[in-house]
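These notes are about the structure you will find just below.
Rule-based calculations on the coordinates, nothing more; no lab input. In this text, all values refer to a predicted model and were calculated from it rather than measured experimentally. We place every Cβ from the backbone using ideal geometry, glycine too, and count neighbours over all the protein chains shown.
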Amino acid sequence: MAEIIENIAQTVEGSKKSRDITILTLSTCMWCKKCKAWLNERDIQFRYVDVDKINFEEKSKIMDYLRGKYQSRISYPFMICDDEVVVGYNPNKYEELLKTGGA
């Protein structure tokens, strides 16, 4: 994970810690809120960055990193689970990722 993300991400504690989950979100996005709630309801530990609450320079660095590393469009929520990505709110894909990782 990019150092800049590591430095600014907020951690939400949970008893299930087997996967390294980071989500990039918008603080006002209903789908981002659903993603956080979905993880919370399952007591899964994760980190998040509300990209609309960070400065432009940090946001630019994060976007450049994500585009370069994952070759993906950027849409929110943007979940990185270990080294796999889910773009947008997709509970079915979250379930699949967590089953393969034993979370």
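Overview of results
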read-out	value
Rounded to 10°, Cα long-axis angle of helix 30-41 versus longest principal axis of the chain	40 degrees
Dipole in debye (nearest 20) - the range 1-59, about Cα centre, beta carbon charges: Lys, Arg +1; Asp, Glu -1	340 debye
Cα-centred dipole magnitude for the chain, charges only on beta-carbon of K, R (+1) and D, E (-1), debye, nearest 20	280 debye
Principal axes of the chain: Cα extent on each, largest first, Å	35, 25, 23
Unpartnered cysteines - no second Cys beta carbon under 4.7 Å - across the chain	Cys35, Cys81
